[in-house]
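We did not get these values from a lab; they are worked out from the coordinates using the rules stated. Computed from a predicted structure; not experimentally measured. Please note: Cβ atoms are built from the backbone with ideal geometry, for glycine as well, and neighbour counts cover all protein chains shown.
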Amino acid sequence: MNEVPSLQQLLKQLQQVPYLASKNIYRVAAHFLTMDQAKLNQFCAALREAKERVIPCATCAAWVEKGRPCLYCESTRRNQSVVCVVETWQELIVIERSGGYQGAYHVLGGVISPLDGIGPENLTIQLLLERVSHGTVEELILATNQTPEGEATSAYIARLLKDKPIKISCLARGMPVGSHLEYMDRLTVYKALAERRPF
Ligand SMILES: [Zn+2]
């Protein structure tokens, strides 16, 4: 590969993309190299533009376009007194797709994981506490994944808020232990939300 340094460089970059299986990087590299030049330019421009213009919402930490209102926090059609707390934006999308939720969200940005060096200060927990302190939130649905880290993170948040006059609930039982929302079908997510129980 030394004779093709540019390709080597591309593979090196692709290797650093998480979620891209290492056996697929050659296929992806070949795809880019055979791509129509205009399409490739469009792809690069979209990536650059998204990186420049998409930022976390100052209230819920979901992605928003700079200068535009948040789809979730600033919608009058959504019940702003109910806030569903999710680990990442990917889970927010899953809940949205279930079609059964009309409240607001809060994106934590991950879970507390001491082994990975992630503490509460690395998540958006402070932002959530500030939001709750404004007094407009009546119910918090802790919808972290049912993994040890997800459960510990929910328990941590519930502990911080135990003296606040809000209802704290979590997804219904019946979701497989160790399960990630991301891999669940719509109906399961819908039911887990509809049949939520006190935390
Ligand atoms: Zn928002």
Practice problem: Name the longest site-free stretch of the chain, where the excluded sites are trypsin sites (Lys or Arg not before Pro) in a DSSP loop with no more than 16 other beta-carbon atoms within 10 Å. | Solution: 79-161
Self-check item: Long-range amide H partners of Val85 with built H, under 5 Å
Solution: His106, Ile141, Leu142, Ala143
Quiz item: Taking Lys66 as the anchor, which aspartates and glutamates have their alpha carbon closer than 13 Å to its alpha carbon, excluding any fewer than eight residues away along the same chain?
Solution: Glu49, Glu52
Quiz item: In segment 1-99, which GluC sites (Glu not before Pro) are in a loop and have at most 15 other Cβ atoms within 10 Å, using DSSP for the loop call?
Solution: Glu3, Glu74
Quiz item: Among Ser6, Val82, Ala29, whose Cα lies farthest out toward the positive end of the dipole of the chain, if unit charges sit on the beta carbon of Lys, Arg (+1) and Asp, Glu (-1)?
Solution: Val82
Quiz item: Roughly speaking, what is the centre-to-centre gap between segment 24-96 and segment 131-150 when only Cα atoms are used, to the nearest Å?
Solution: 22 Å
Quiz item: Taking only C-alpha pairs under 8 Å that are 6+ residues apart, what is the relative contact order of the chain in percent?
Solution: 17 percent
Quiz item: What is the gain in length, in nm to one decimal, between Arg97 and Ser6 on full extension, counting 0.36 nm per residue of separation less the C-alpha to C-alpha distance?
Solution: 28.7 nm
Quiz item: Kirkwood Rh, Cα Rg: Rg to Rh for segment 19-91?
Solution: 1.14
Quiz item: Can you flag which of Lys12/Lys51; Lys162/Lys191; Lys23/Lys191 are past 31 Å Cα-Cα?
Solution: Lys23/Lys191
Quiz item: From the square roots a ≥ b ≥ c of the eigenvalues of the alpha-carbon gyration tensor of segment 1-42, which class results: rounded (a/c under 1.5), prolate (a/b over b/c), or oblate?
Solution: oblate
Self-check item: Whole-Å semi-axes of the ellipsoid equivalent to segment 86-142 (Cα gyration tensor, √5λ, descending)
Solution: 21, 17, 7
Exercise. Per DSSP H run of at least 4 residues, take -39500 (n - 2.57); add these up for the chain, divide by its residues and hand me the 222 nm value, nearest 500 deg cm²/dmol.
Key: -12000 deg cm²/dmol
Exercise. For the chain, report the convex hull volume of the alpha-carbon atoms normalised per residue, in Å³, without decimals.
Key: 163 Å³
Quiz prompt | In segment 17-88, the chymotrypsin sites (Phe, Trp or Tyr not before Pro) that fall in loop regions by DSSP, at most 16 other Cβ within 10 Å | solution = Tyr19
Practice problem: Using the charge dipole of the chain (Lys, Arg: +1 at Cβ; Asp, Glu: -1 at Cβ; taken about the Cα centre), state which of Ser113, Thr188, Phe199 has its Cα farthest towards the positive end. | Solution: Thr188
Exercise. Measure nothing but the geometry: give the 0 to 90° angle between the long axis through the Cα atoms of 5-15 and the longest principal axis through the Cα atoms of the chain, rounded to 10°.
Key: 20 degrees
Practice problem: Note down the relative contact order for segment 45-133 as a percent, whole number, built from C-alpha pairs under 8 angstrom at least six residues apart. | Solution: 26 percent
Quiz prompt | 10 Å binning of all Cα-Cα separations within segment 50-135, expressed as whole percents from 0 upward | solution = 17, 48, 31, 5, 0
Quiz item: Counting Lys and Arg as +1 and Asp and Glu as -1, each charge on the Cβ, what is the dipole of the chain about the Cα centre in debye, to the nearest 20?
Solution: 320 debye
Self-check item: Among Tyr101, Gly135, Gln146 - extreme Cα towards positive end, dipole of segment 22-167, charges at beta-carbon
Solution: Tyr101
Practice problem: Using only Cα atoms, find the angle between the long axis of helix 37-53 and the longest principal axis of the chain, and express it within 0 to 90 degrees, rounded to the nearest 10. | Solution: 30 degrees
